Amino acid sequence: MDRKAVYKPYAQAIPGAFAIEKIDTAPCRVACPANLNVQGYVAMVKMGKYREAVEIIMQDLPFPGILGRICPHGCEKSCRRLELDEAISIRELKRVAADHVDLSDIPVPEITSRNEKVAIIGSGPAGLTAAYFLALDGYQVSVYESMPEAGGMMRYGIPEHRLPRTVLDAEIENLKRYGIQIHTHTVIGRDITIEELREHGASAIFLAIGAWKGLKLRIPGEETSQGVSDVTAFLREVHLGNLKKLGGKIVIIGGGHSALDAARVALRLGAGEAHILYRRSRTEMLAEPEEVEETEKEGVKIHFLSAPISISSKNEKVTGIECIRTRLTEKDTTGRRRPIPVEGSEFFIEANYIIPAIGQEPDLGNLAKAQDLKVSKWNLLEVNPETLQTNIPDIFAGGDVISGPATVIEAVEAGQRVAKYIAKYLQGEELPAEWQDEPPMGTNWVAPPKDEPTKDRLKIPTLPVEKRISGYEEVNLCADEESAKQEADRCLNCGGCCECYQCVAVCEAEAVTLETHAQQEETTTINVGSVVLAPGFQPFDPSKFDNYNYASHPNIITSTEFERILSATGPFMGHLTRISDKKEPKKIAWFQCIGSRDLNRCDNPYCSSVCCMYAVKEAVIAKEHADYDLDCAIFFMDMRTPGKDFEKYYNDAKDKHGVRFIRSRVHTIDRVPETDDLEVRYVTESGEEKKEIFDMIVLSVGMEISPETINLANNLGIDLTQGNFCETKNFKPFATSRDGIFVCGAFQGPKDIPESVMEASAAACSAGVSLAPARGSLIKEKAFPDETDITGEEPRIGIFVCNCGINIGGIADVPAVVEYAKGLPNVAYVEENLFTCSQDTQKQMAEVIKEQNLNRIVVAACTPRTHEPLFQETIRNAGLNEYLFDMANIRNQCTWVHSDDKEHATEKSKDLVRMAVARASLLEPIPDISVDVNPSALIIGGGVAGMTTALGFADQGFPAIIVEKSSVLGGAARDLSKTWKGQDIQQYLSELVDKVEQHSDIKVLRNAEVVGASGFVGNFETQVVVGNQTETVEHGVVMVATGGKAADTEEYLYGKNPRVTRWHDLEHDPEKLKNAEIIVFIQCVGSRDENRPYCSRICCTGSILQAISIKQSNPDARVFILYRDIRTYGEKEYLYKKAREMGVVFVRYSLDNKPKITEIENGLQVDVFDPILQKNLRIQADYVNLATAIEPAQNHKISEFYKIPLNAENFFMEAHAKLRPVEFANDGIFLCGLAHYPKAMEESISQAMAATSRAITVLAKGSVQISPLVSQVDAEKCIGCGLCAEVCPFNAIMLEEIEGKGYRAKNISASCKGCGLCASSCPQQAIDMLHFRDRQIVASICAAV
Amino acid sequence: MKEFEPKIVAFLCNWCAYAGADLAGVSRLQYPPNIRTVRVMCSGRVDPLFVLQAFKQGCDGVLVAG
């Protein structure tokens, strides 16, 4: 994915926070011995941020300029750019950064000083790096150096033409700023002893004395001839200034850097010839090839495959060296090719100087012996290889002294490591005796961009050869900035986040800090009693359908993309636009079942359930968006709108909005040449081929379960269906195949939002049943500070005026409103906010209230209907009673509705603020009222839904009473035999009835009917007639599960001819079926017509199930299903497919041409028009079975008693179809089962559990807060006229007899809804309303004008 | 002479008319800026005296909606 390492997961993510992609560390960094953050500084160089680059380098070492020149850059070998072209010139980029920065400009970080002292012997790269990190850690560091200047081999080994002394000096000098003391000319053992160091307070000593003793050739003449000197001594003398000229010829033996250095230095000293003898070939040379090449350019002659035999001398002065050619063996067991002499190939080179450069060892002198330090047979100090501690606990050693000659970067690593362990040692921590090997390098890197072109590696400019020999001027020159930038741009950023920490530096909110940046994916274990899976679905990707050209044509888009186009926050701000030319489309087509109901082009045989409805919705909304005549056509197979109120929407789309519905699956889309339009070819039901041109095509993509979810399911060990949805049983649709794991939403099966929301609550309820004993045990109660007593205080009003971004501030002059408000009476404080409701402002508001001693708050912003609770909580947090608050609605009722009249909007805003202030001055604190909840439920209806909810309550410890109209439990389910998944309903039902009857917390009232009700949430009283007696039941919640039944019909000879049956009549009469040869089912009898304009949802599946069962028991029987649309939504589609495969004949009919039935001898004659054959069919049927509509019970009375609404078809109306699908707007009353809408049994069970779950949120609380905005009677003024009691719609005021005074009105707070009817009717003005007192309202009125 | 601009006090029921006025805002329906709203918990709360008070203050019209 083409994105930066810091990214927002997706554009509209909430919270709108950024994530940092952390994958495996880049290979270059892993390859670096010092673990230098290569990717980080390369990224900085790319941006020209040299100082930041150097700061990144300095996190790991103190020598950016030095290593930018002389590092052998092993990192470049692992560069992934090598897979494309050549490695990045990493070292060169480091140098470019270093050369552009003056180290003294980089501030020394704040260091917390410590008392412990550390002595470091040797000021080479190992010693100085250790000193640097220990000093950063706060330790007192002294470095002792025997030579006149610090730097070790960097100064006395590496010649100036590779490392200019200015660079070296600057970087060493820089270290002194960190408080490091360097004592030169100090030889350990001579000038100061280890013991003295300890006496002076050194708690740890680091020996980094290097390897300065050259190894001998061990050939004749070596010891006896003058002019033989090892390479370290030779270079040291040169760098000390003791050797300034050299005449004659020189031969150097060796293949490393020091051999090349010596040869090149010799030429600069004036040597006539410089030869190098190397016993292996060019490819084995340790020095890097470009270095070898430069050496040869300068005139050094390298003799490969040559070894020295003896040194000749005359008068003890070297005259030359006898050599022999060698050849290399095949690779031996160590993988190296050994050189062996070639006999007879001897040759002689004349020479005045012989310099062996074949290796070095430490010059330990007396040190090891004196300190009892262990020494290996290679004459190296022995240390713990991890901690670098020697056998003497306070002495550590590292660098060449333990490894033999190695590179600067390796010495730096030793310095880093020893600093870490010395610090641990000084803090008294135990040092590890064992350690783990580094884990193998992870290779999860950012993939190189697909079309990454090859790019040339940076060519490093060099000094012309003729200029070199005359002095020590640096040979390699610094690359120019532009080339460096280009080079850095070749970096593939393998590791994602490069840890440059630039984001930390710029984040003003301090959201990204070093700590938060270090956050990693964590694995945590949470102990839970239940798990709920709600992983959802992914939209089908239609790019694999080449015939639909989705991938290749911009004007063919998916339905989810079209949603974005329609959205006000979408790419075209909600303006209907097609992609290719940004024009308004005039004709749009929708194609249904893309990725659903399809086995040919994808493997999704199921119906995705939601696409028909959303396509209809998109078409209608598109038409509403277009202020021109937009043509919308939906191509479909069956229109599946079986949800509550969906059918009406479908009808409106057709009849009112003019959306065209075309029953056909389009087979081909072609581009119309030279336009962006699309030609659609399809075949109608009657076989006619048609063409039509559209501007835009929307593919209604189905739902799919993602591979990640399938993987999750496999990990959890739960079963999946053939469509990869979660396998569930119909009687427990929210339970997976594994105990304790529950499921909801589209993963359970394709479904719409209302069912998903229900199922979510159902899953929560099931999870809660097994966790009931733990209820409330992990709850944190929200605590508010004590309320400030404001009695007797003068009002001090604080006003917060909101700009609401530009919603208010863009129209009204908010600063003017603020200024105006400052002058209003009692106003103590006014401020303006960008968003008063933002979390920051809320926090600040609470502080201001305390600081300014405010005792009334007015927020001038949006509407109290949405935002009052938020602000009330804020002022409550600041210690103010929540009713000392008012809002001025200057957005919804001012700027939004007067957006073209800025002046008046400002004036009106001022007025509204003034009115709010006038009222606020008179506001009083009002204490909360809470009422105990009766923790029991009354359930109306004893069907499957009612019983399920009763068990849900009782199993969680809440008593339940079922009121069942009939004499038996079971309701509509008593007529059913099997669920669509084939489970036995009668067996389930009898078990359910048993459980209910035996449960000690469930009481069943049979032959019972609700005849009246009163009360409110938590405290209902319901009158139930049982037999002849009326009982009053007190309960906390009401569950309405009154059910439904199959409607009667007068159509199709039903009731007139015994061969016409209904629903399960036929199935329950096996005798009839045995002899039947031809059976016809007629769907939608009384559904989807004028009287009942809704789909009964379950009949298609019901008839198909019966048809299959008839075919199974009698394959010769001929079964016809006459239908309008087959609505086997979700995975029920498999049944439809199966029935068709078994030979059930499906014939579609339309509402205006229904089948006709006539009685004939020994049967029935069914006439129906077949739209495919375009002919009338005549079927001689033995039986005709009618799928009549599902209708609700008689709900009117219940609706009146509890004041809960019914829709036009007498189903109950939930508070909100999607957000609150199982509850009523009235608190404490809930809904489930067929009383809500026709539905399959598993949906009823889900809904019952959902409703239980919601109801338990009330019951579990123990008490409910009731609005304290109630009436207040002044008994002194009351004359007992009773007008108030008469007008009160809630029975919340009554007359009470007071001895000697007659009657007086009394308020019942728990019932009072605060409407104030009593107050306005009272002739004595004896009743006032809390928070809406007469004087408060009058104050507003007076301030209005 | 300046054109006559009436001052109207509107008593709006919190549950319906006030919500409707909010919805008008959400829908960006534009209407003249002459109304000053007093929110009440029910239009039944509007005491006739409030109406008289409004006129007494110099209002040109009173709207009770609920």
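The values are calculated or read from the model by the stated rules, or taken from the named source; none is laboratory data. Everything numeric here is computed off the predicted structure, so don't read it as measured data. Reconstructed Cβ throughout: ideal geometry from the backbone, glycine too, with neighbour counts over all protein chains shown. These area figures cover heavy atoms from the full protein model, side chains too; ligands, DNA and RNA do not enter into them. Shrake-Rupley method; radii C 1.70, N 1.55, O 1.52, S 1.80 Å.
Remarks
- Elements of type strands (runs of 3 or more DSSP E) in chain B, at least 3 residues being more than 7 Å from every other protein chain (Cβ to nearest Cβ): B:8-13, B:61-65
- If the condition is being at negative phi and open to solvent by 40 Å² or more (accessible area, probe 1.4 Å), then the range A:581-594 contributes A:581, A:583, A:584, A:586, A:587.
- Some residue of the range A:1257-1271 being within 14 Å of chain B (Cβ to nearest Cβ), outside any helix (DSSP H, G or I) and open to solvent by 40 Å² or more (accessible area, probe 1.4 Å): yes
- Pick from the range A:552-601, criterion farther than 12 Å from residue A:625 by Cβ and among the aliphatic types (A, V, I, L, M), ranking: modelled with the lowest pLDDT: A:599
- Within the option set A:549, A:527, being over 26 Å from the mean Cα position of the chain (by Cα) and open to solvent by 20 Å² or more (accessible area, probe 1.4 Å) holds for one residue only, A:549.
- Filter result for residue A:1182 (closer than 28 Å to residue A:654 by Cα, out of contact with any Ser or Thr (no Cβ under 7 Å at 6 or more places or on another chain) and open to solvent by less than 50 Å² (accessible area, probe 1.4 Å)): no
- Of the candidates A:982, A:957, A:941, the single residue that is of a type outside the set (Ser, Thr, Tyr) and free of Cβ contacts under 8 Å to residues at least 12 places away in the same chain is A:982.
- Qualifying position, being surrounded by fewer than 23 Cβ atoms within 10 Å (Cβ to Cβ), over 30 Å from residue A:958 (Cβ atoms) and either of a type in the set (Ser, Thr, Tyr) or within 14 Å of chain B (Cβ to nearest Cβ) (or both), among A:1315, A:1342: A:1342
- The one condition from (1) among the charged types (D, E, K, R); (2) open to solvent by 10 Å² or more (accessible area, probe 1.4 Å); (3) out of contact with any Ser or Thr (no Cβ under 9 Å at 6 or more places or on another chain) that residue A:81 does not meet is (2).
- Test result for residue A:641, out of contact with any strand residue (DSSP E or B) (no Cβ under 9 Å at 6 or more places or on another chain) and among the β-branched types (Val, Ile, Thr): yes
- Of the strands (runs of 3 or more DSSP E) lying entirely inside the range A:1004-1106, those containing at least 2 residues that are within 50 Å of the chain's Cα centre (by Cα) span A:1008-1016, A:1019-1026, A:1029-1035, A:1037-1040, A:1044-1046, A:1078-1085.
- Among the residues of the range A:1157-1208, those that are over 52 Å from the mean Cα position of the chain (by Cα) and among the charged types (D, E, K, R) comprise A:1159, A:1161, A:1167, A:1170, A:1175, A:1178, A:1182.
- Residue within the range A:729-738 that is loosely packed, with under 15 Cβ neighbours inside 10 Å and under 14 Å from residue A:532 (Cβ atoms) present: yes
- Filter result for residue A:91 (more than 19 Å from residue A:406 (Cβ to Cβ) and in contact with a Cys (Cβ under 8 Å, 6 or more places away or on another chain)): no
- Of A:1286, A:1276, all but one fail to be in a helix (DSSP H, G or I), open to solvent by 80 Å² or more (accessible area, probe 1.4 Å) and either of a type in the set (A, V, I, L, M) or more than 30 Å from residue A:970 (Cβ to Cβ) (or both); the exception is A:1286.
- Test: residue in the range A:806-821 that is in a loop (DSSP other than H, G, I, E, B) and over 27 Å from residue A:897 (Cβ atoms): no
- The number of residues in the range A:1117-1131 being over 14 Å from residue A:1181 (Cα atoms) and either in a helix (DSSP H, G or I) or open to solvent by 10 Å² or more (accessible area, probe 1.4 Å) (or both) comes to 5.
- Number of positions in the range A:1290-1345 that are touching a strand residue (DSSP E or B) at 6+ places or on another chain (Cβ under 7 Å) and either among the hydroxyl-bearing types (Ser, Thr, Tyr) or in a loop (DSSP other than H, G, I, E, B) (or both): 14
- Given (1) at pLDDT 95 or above; (2) exposed (fewer than 14 other Cβ atoms within 10 Å of the Cβ); (3) aliphatic (A, V, I, L, M), index of the condition residue A:672 fails: (1)
- Of the numbered criteria (1) within 21 Å of residue A:828 (Cα to Cα); (2) within 14 Å of another protein chain (Cβ to nearest Cβ), the one residue A:884 fails is (2).
- Residue ranges of strands (runs of 3 or more DSSP E) in the range A:849-948 with at least 2 members at pLDDT 95 or above, surrounded by 22 or more Cβ atoms within 10 Å (Cβ to Cβ) and in contact with a helix residue (DSSP H, G or I) (Cβ under 8 Å, 6 or more places away or on another chain): A:856-861, A:885-889, A:937-940
- The numbered conditions (1) aliphatic (A, V, I, L, M); (2) more than 7 Å from chain B (Cβ to nearest Cβ); (3) touching a Lys or Arg at 6+ places or on another chain (Cβ under 9 Å) are all true for residue A:926 except (3).
- Residues satisfying the stated conditions in the range A:990-1003, i.e. open to solvent by less than 30 Å² (accessible area, probe 1.4 Å) and either assigned to a helix (DSSP H, G or I) or at pLDDT below 95 (or both): A:992, A:993, A:996
- Test for residue B:9: is it modelled with pLDDT of 95 or more, more than 25 Å from residue A:900 (Cα to Cα) and surrounded by 15 or more Cβ atoms within 10 Å (Cβ to Cβ): no
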